Structure formats: C-alpha cells, structure tokens
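Visitor: My questions all concern the structure below.
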Amino acid sequence: VGSNSGSAAPNANTPIANVGGGFSVGPDYRSAHFSAYGSVVAHAGGVNLGQPLAETFALVQIDPPVSGVKLENYASASTGYNGYAIMPYATPYKTNWIGLDTRERGSEIEIENGMQQVVPRRGAAALVTFHGTTGRRVQFELAAADGTPLPFGAVVTDESGDRLGISDPTSRALVLLKNESGSLTMRWDQQQCSAAYALPPKLPDENYLRLKLRCETEIMK
C-alpha cells in the first residue's frame, strides 16, 4: 500500500510584519496554519505597522511625506503613506547610522542628507527626520534665443529662487521640478535669462525627460 505525504512552511519578512504559514498533507489528513507578528506604533505623525520591536527602536521620517522608501540597513522596512518607517531595533547609548535607499524612486526624489546618526537612550523611540523633495527629473539643454549654448556653470533657479542645479560643459542641466509647468531663471557672470516650461505627460518607463529650453539673455542690474 502506497502513501503520499508532505509539508511546507514558507516565511517572509514584510514592511508591516513577519508572516509565515505552513501546510501538511497525508493519506488521511490535511492541515494548514498562518501566523503574523509585528508592531503597531502610534505617534504624532499617525500610526504605522512594522516588524517586532526591540526595547530601543527608531522612527524614521521623510518630510514632506514620501512613501515606499526603504531603509538602507533594514531592507524589509520602508516608509508608509505618512512618510514614516519603523526601524525595529537600535543600539542604546551608541551611534546608530541610518540611511535611505532611494534607488527604486531615485528619479523622483532628492534627500538633502541621505545618511544620519542617532544615539538613543535605552528604551527610547528615537525620531530621525530626513528632508526631501519630490518631483519630476528633467534634463534641459540650455541655450539663448539664437541657439547659442549657455556657458558652463550657469545656475538654474525656479520661481521661488530655489537653486535646482548648474549647467555642465555641454550646456545641459539635470534638475528635479516640483511643478509640471512654470519658469526657470539661469544666471552666470553678470547675465541672466528666463524661460517658461511645460512638461508633457509622463511615460510609464520614464527615468528622466530631455527638453530644449531657449531664453532671452539680459544684463543683471
């Protein structure tokens, strides 16, 4: 008489919990089970789910909120809808380095300082805040109205005067734009020029957009 039996027990670590399950079968039985364990952290910025917590842990925030950004040393932890992520354990009274892995969203986010350190007390929930900017990455080919390339080192700013980048030796500047339309100003030596832009709809596989930008040069007063 033959018999067939077997079992399996897959497990996985996810950003919101550690989950596992299993099943077994035999000639006269079948069984299955599922388990999940993690944490719920309520704080001033909302409520986040995460992996099981140690006595000392950290809340990592991106301001303004950006979701789906992983922690560099904790691949299974990432920011939620409110821009917060739970780093499930930290070493008290010692320097803990915390970094962000923006590779999956690198074309649409810039972080001012992608690596920070924190020295938490034992039993504390330390807060680490990263300041970021989200938008759309565009490489502009910069030229005057007559087609003359702008010089190397021209500073590109937006309507608010925020510096976005500088032109390279080929008169191109790669910038992150917050708005789909607006105007840019380029400054170099004692000259400047401005031009309006309007971005076309974003393509699904777009990494960055390439556009030509022409502007009228004027003498700065």
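Visitor: Determine, yes or no, whether Pro204 is open to solvent by 40 Å² or more (accessible area, probe 1.4 Å) and either under 21 Å from the mean Cα position of the chain (by Cα) or among the small types (Gly, Ala, Ser) (or both).
Guide: Against the criterion (open to solvent by 40 Å² or more (accessible area, probe 1.4 Å) and either under 21 Å from the mean Cα position of the chain (by Cα) or among the small types (Gly, Ala, Ser) (or both)), Pro204 qualifies.
Visitor: Now for a separate question. Going through segment 84-110 one residue at a time, which ones are under 17 Å from Gly38 (Cβ atoms) and either at pLDDT below 90 or surrounded by fewer than 18 Cβ atoms within 10 Å (Cβ to Cβ) (or both)?
Guide: Tyr89
Visitor: Between a residue in segment 96-109 that is free of Cβ contacts under 8 Å to residues at least 12 places away in the same chain and small (Gly, Ala, Ser) and any residue that is in a strand (DSSP E or B) and open to solvent by less than 30 Å² (accessible area, probe 1.4 Å), which pairs come within a Cβ distance under 8 Å, given they are 6 or more apart or on different chains?
Guide: none
Visitor: Hey, which of the strands (runs of 3 or more DSSP E) in segment 1-83, taking only ones fully inside, have at least 3 residues that are at pLDDT 60 or above and within 17 Å of the chain's Cα centre (by Cα)?
Guide: Because the criterion is at least 3 residues that are at pLDDT 60 or above and within 17 Å of the chain's Cα centre (by Cα), the strands (runs of 3 or more DSSP E) in segment 1-83 that meet it are 57-63, 74-78.
Visitor: If only one of Pro149, Pro169 is over 28 Å from Arg105 (Cβ atoms), in contact with a Phe, Trp or Tyr (Cβ under 6 Å, 6 or more places away or on another chain) and not basic (Lys, Arg), which one is it?
Guide: Pro169
Visitor: Can you tell me which residue is surrounded by the most Cβ atoms within 10 Å (Cβ to Cβ) among those in segment 154-194 that are under 18 Å from Gly135 (Cβ atoms) and among the small types (Gly, Ala, Ser)?
Guide: Looking at the filtered set, the residue picked out is Ala173.
Visitor: Give me the residue from segment 55-75 that is touching a residue at least 40 places away in the same chain (Cβ under 8 Å) and closer than 11 Å to Ala90 by Cβ and, out of that set, surrounded by the fewest Cβ atoms within 10 Å (Cβ to Cβ).
Guide: This residue is Glu55.
The values are calculated or read from the model by the stated rules, or taken from the named source; none is laboratory data. Please read all numbers here as calculations on a predicted model, not as lab measurements. When we count neighbours, we look across all protein chains shown, and the Cβ atoms used for this are built from the backbone with ideal geometry, even at glycine. Surface accessibility is based on the protein's heavy atoms, side chains included, excluding ligands, DNA and RNA. Shrake-Rupley method; radii C 1.70, N 1.55, O 1.52, S 1.80 Å.
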